Amino acid sequence: MTEGWLTALLINKLRKLLDSREISVRELVGAYMDRIDAIDGGGGGGSGNGGGSIGGGSIGGNGGIIGNGGLNTFIHVNAGGATAAADAAQSMIDAGEQGPLTGIPIALGDDICTNDMPMTCASRILDGYRPPFDAAVTERLRAQGAVFLGKLNIDEFSMYPSNTFGPADTFGPLAATSYYGRVLNPYDITCASGGPAGGAAAAVAAGLCAAAIGVDAGGAIGRPAALCGVTGFRPTYGYVSRHGCVANTSAFDQAGPIAAGAEDCALILNAISGYCPYDIITYEYKSGGKSGGTTGTAGTARTGAVTGARTVAGIGSDSLKGLRLGMIRELFDDRVDPQVRESVLKAASWYEQAGATVFEVSIPMLRHGDAAYYIIACVEAFANLGRFDGVRYGRRVAADNYNDMVARSRGEGFGREVKKRILFGTHILSGDNYDKYYRKAVTIADSVRARYNEVLQQADALISPAAPHVAPQITPQLSTTSIKTTAEDIWSVGPSLAGLPSVTTPCGYVAPCGYIAQPGSGAHLPVGLALTGKRCDDMFVLGLAAAFEKDFNRQPPPLADNWKGY
């Protein structure tokens with residue numbers, strides 16, 4: 001029996017069904033596997049870890065074929081591993097030892113280490129690589145009995161521009177920065193999925209997993225969540241361990257959840273956050289004294305609203321009275337699509353009607369934030385990707401000497417965007433360029449951080465569009481340059497530069513317009529609202545989103561006729 005309805009439920013509802021024995025973990029996992037098989041087309045049929053059937057669902061995949069009715073969100077489908085994990089989770093439930101995520105089907109970005117699945121960072125240089133250990137977030141989810149459905153498609157090494165905008169000569173015409181092809185948007189398969197965690201956002205939106213984990217550096221979670229109509233959360237820097245998440249931009253990297261709602265994100269954040277002995281930036285959470293820490297009880301004494309994951313589920317509009325919310329002036333300028341601006345302003349008006357005070361704030365140095373972020377990101381890419389040399393692991397190309405072997409291995413293994421960032425990072429660190437560019441970029445980042453902290457002394461949280469437009473059309477014009485998409489980083493890099501928690505949630509659906517339009521298209525695409533809070537106010541920010549979501553009517557993606565089984 002096909003239990004497609006299960007894949008449309010939130011985690012709390014799935015928890016009740018599992019605990020009451022109305023469904024088994026195998027039935028639940030089987031429903032998701034059936035759906036992956038029917039509409040994704042990726043994952044290569046669970047290769048490398050026991051493809052086949054689970055819960056009555058045939059897992060064949062389409063070998064990663066793109067343009068054959070598949071979203072291409074999965075690089076690897078973990079059919080065999082999910083079977084064993086489902087049985088183990090069921091044993092925990094039968095013994096009364098379950099946690100909030102026991103038996104819940106979750107997928108991981110392909111830059112998060114798992115000792116029982118491949119991890120490629122969507123790059124040819126790591127094709128077929130299997131890590132010998134689990135990432136900290138993987139360990140913590142396993143400890144709760146979560147079931148991993150597989151690894152999700154990302155941009156190569158999570159480097160934006162997105163897995164829909166890649167330069168035309170990267171891996172073929174209109175190719176993606178991912179070695180495994182682009183991810184399509186479930187709201188309109190002719191449109192972009194949005195960025196490095198596009199596979200995670202599209203998979204959650206299409207009901208291919210109950211939730212997903214991505215790694216955010218400068219909008220990798222928020223932007224695709226906005227374009228795919230789901231909730232994505234970037235935690236406070238240091239809230240979640242980076243151990244086992246492949247380094248891209250270490251100064252900003254943070255793993256975070258993508259789910260169908262803020263309440264689900266809060267449950268996952270509780271499971272993965274806290275001190276880790278392998279990541280020094282989590283040290284301040286060791287004692288649990290910091291708000292949020294390992295328990296998810298972010299302090300909000302100044303307002304009394306949202307004091308933990310349990311109350312995130314119970315927050316309503318009546319709890320918002322007295323809050324002060326600032327709208328970032330620089331993120332509402334003429335570059336924002338008018339329909340997007342209107343949708344975000346309506347969301348701000350909803351908070352105002354619920355009793356919050358909404359006013360304008362200014363962070364003028366954000367105008368240079370995208371340039372500063374890109375310079376720092378390229379320098380860190382140069383440093384972090386030096387380990388991929390074909391010697392210790394990854395792809396190795398035969399050559400007569402060491403230097404040629406490294407050069408050829410990297411030349412064939414890395415895509416164009418990765419090579420560009422390595423070369424640019426090398427240039428920035430050469431000679432006088434360090435002072436001319438890198439030092440100035442760090443100064444701007446410090447100024448952005450300081451200004452965010454200043455305005456958050458006046459406001460409890462900040463409101464802005466998560467992206468300046470809805471999901472763009474996949475066209476040759478958009479695929480020939482990354483300059484446009486890099487300039488749009490201003491809408492997503494602020495929380496990263498400041499190290500602050502930020503949640504993206506849908507706030508409207510609009511018809512495409514301008515250069516985004518597809519002639520004759522009647523599709524309505526989601527608009528994302530971004531809410532940014534003070535350091536360690538992670539649960540508070542999620543609670544603000546949860547309150548809005550209770551009164552917002554979400555629209556599921558209109559999947560094409562050739563995607564059956566739902």
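The values are calculated or read from the model by the stated rules, or taken from the named source; none is laboratory data. Remember, it's a predicted structure, so these values are computed and weren't measured experimentally. Positions of Cβ are backbone-derived with ideal geometry, glycine not excepted, and every protein chain shown enters the neighbour counts. Areas reflect the complete protein model, heavy atoms only, side chains present, ligands, DNA and RNA absent. Shrake-Rupley method; radii C 1.70, N 1.55, O 1.52, S 1.80 Å.
Residue-by-condition table, conditions (1) closer than 20 Å to Leu126 by Cβ; (2) among the β-branched types (Val, Ile, Thr):
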{"site": "Ser178", "(1), (2)": "yes, no"}
{"site": "Val183", "(1), (2)": "yes, yes"}
{"site": "Pro186", "(1), (2)": "no, no"}
{"site": "Ile189", "(1), (2)": "no, yes"}
{"site": "Gly194", "(1), (2)": "no, no"}
{"site": "Leu208", "(1), (2)": "no, no"}
{"site": "Ala211", "(1), (2)": "no, no"}
{"site": "Gly214", "(1), (2)": "yes, no"}
{"site": "Val230", "(1), (2)": "no, yes"}
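Is it fair to say Ala445 is in a helix (DSSP H, G or I) and in contact (Cβ under 8 Å) with a residue 60 or more places away in the chain?
For Ala445, the condition - in a helix (DSSP H, G or I) and in contact (Cβ under 8 Å) with a residue 60 or more places away in the chain - is met.
Failed condition for Gly308, given (1) at pLDDT 55 or above; (2) surrounded by 18 or more Cβ atoms within 10 Å (Cβ to Cβ); (3) more than 14 Å from Pro501 (Cα to Cα), with all others met?
So the condition that Gly308 fails would be (1).
Out of all the residues in region 83-91, is one or more open to solvent by 10 Å² or more (accessible area, probe 1.4 Å), of a type in the set (Gly, Ala, Ser) and within 19 Å of Pro257 (Cβ to Cβ)?
Yes - at least one qualifying residue is present in region 83-91.
Does Val418 meet the test of being of a type in the set (A, V, I, L, M) and closer than 14 Å to Arg124 by Cα?
It is true that Val418 is of a type in the set (A, V, I, L, M) and closer than 14 Å to Arg124 by Cα.
Taking the residues in region 127-155 that are more than 19 Å from His243 (Cα to Cα) and charged (D, E, K, R) as candidates, determine which candidate is surrounded by the most Cβ atoms within 10 Å (Cβ to Cβ).
Asp155
Assuming Asp334 fulfils every condition listed in (1) modelled with pLDDT of 90 or more; (2) assigned to a helix (DSSP H, G or I); (3) surrounded by fewer than 18 Cβ atoms within 10 Å (Cβ to Cβ) apart from one, which condition is it?
(2)
Within region 384-423, which residues are hydrophobic (A, V, I, L, M, F, W, C), touching a residue at least 24 places away in the same chain (Cβ under 8 Å) and closer than 21 Å to Tyr129 by Cα?
Leu385, Phe388, Phe414, Val418 - these are the residues of region 384-423 that are hydrophobic (A, V, I, L, M, F, W, C), touching a residue at least 24 places away in the same chain (Cβ under 8 Å) and closer than 21 Å to Tyr129 by Cα.
Could you say whether any residue in region 105-117 is open to solvent by less than 20 Å² (accessible area, probe 1.4 Å), in contact with a His (Cβ under 8 Å, 6 or more places away or on another chain), within 25 Å of Arg35 (Cβ to Cβ) and acidic (Asp, Glu)?
Checking region 105-117: at least one residue is open to solvent by less than 20 Å² (accessible area, probe 1.4 Å), in contact with a His (Cβ under 8 Å, 6 or more places away or on another chain), within 25 Å of Arg35 (Cβ to Cβ) and acidic (Asp, Glu).
Quick check: anything in region 422-436 more than 28 Å from the chain's Cα centre (by Cα), open to solvent by 70 Å² or more (accessible area, probe 1.4 Å), charged (D, E, K, R) and within 28 Å of Gly499 (Cβ to Cβ)?
yes
I need a count of the residues in region 383-410 that are out of contact with any Phe, Trp or Tyr (no Cβ under 8 Å at 6 or more places or on another chain), open to solvent by 10 Å² or more (accessible area, probe 1.4 Å) and either among the small types (Gly, Ala, Ser) or assigned to a helix (DSSP H, G or I) (or both).
Result for region 383-410: 13.
Looking only at region 1-38, how many residues end up being modelled with pLDDT of 95 or more, assigned to a loop (DSSP other than H, G, I, E, B) and not hydrophobic (A, V, I, L, M, F, W, C)?
Number satisfying all stated conditions: 4.
Table: residues versus (1) closer than 15 Å to Ala467 by Cβ; (2) crowded, with 24+ Cβ neighbours inside 10 Å; (3) hydrophobic (A, V, I, L, M, F, W, C).
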{"site": "Asn185", "(1), (2), (3)": "yes, yes, no"}
{"site": "Thr190", "(1), (2), (3)": "no, no, no"}
{"site": "Ala200", "(1), (2), (3)": "no, yes, yes"}
{"site": "Ala203", "(1), (2), (3)": "no, yes, yes"}
{"site": "Gly219", "(1), (2), (3)": "yes, yes, no"}
{"site": "Ala225", "(1), (2), (3)": "yes, yes, yes"}
{"site": "Leu269", "(1), (2), (3)": "no, yes, yes"}
{"site": "Ile280", "(1), (2), (3)": "no, no, yes"}
